[in-house]
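Here the structure is laid out as structure tokens; the discussion comes afterwards.
FYI, it's all coordinate maths here, none of it is from the lab. In this text, all values refer to a predicted model and were calculated from it rather than measured experimentally. Cβ sites come from the backbone with ideal geometry, for glycine too, and all protein chains shown count toward neighbours.
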Amino acid sequence: MKYVYILRSLGADERFYVGLTDDLRERLRKHNAGEVPHTSKFRPWAVKTYLGFDNPDRAVAFERYLKSPSGRAFARKRL
């Protein structure tokens, strides 16, 4: 199972991060431990939304979509 997830920073700046993983709990732990360089400055993180996919190709495509301008607008409005 692949998970596409959106994290929300609990810090002063409200930031969001979209990612893809096989193990959501472990990935969140890594984000909050500072082991992910891109997100380490904006800790702590909480899971805002996640979706599970049994098809890895669809998971990658959905993650790519959420990182696009129209995908970000969709996520803000619907997720």
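Here P(r) over Cα pairs in 10 Å bins from 0, in percent was computed from the coordinates, and among (i) 19, 51, 29, 1; (ii) 18, 52, 23, 7, 0; (iii) 20, 57, 21, 2, 0 the match is (i). Think of it as helices only: each DSSP H run of n ≥ 4 in the chain is worth -39500 (n - 2.57), and spread over all residues that comes to -11500 deg cm²/dmol at 222 nm. By the rule of a C-alpha distance below 17 Å, with chain neighbours fewer than 8 residues away ignored, the aspartates and glutamates paired with LYS2 are ASP22, ASP23, GLU26, ASP54, ASP57, GLU63. Loop-located GluC sites (Glu not before Pro) across the chain with a Cβ neighbour count of 14 or fewer within 10 Å are GLU14, GLU35, with loop assigned by DSSP. If the reach is capped at under 16 angstrom between alpha carbons, list the aspartates and glutamates near LYS77, excluding any in the same chain fewer than eight residues apart. List returned: GLU14.
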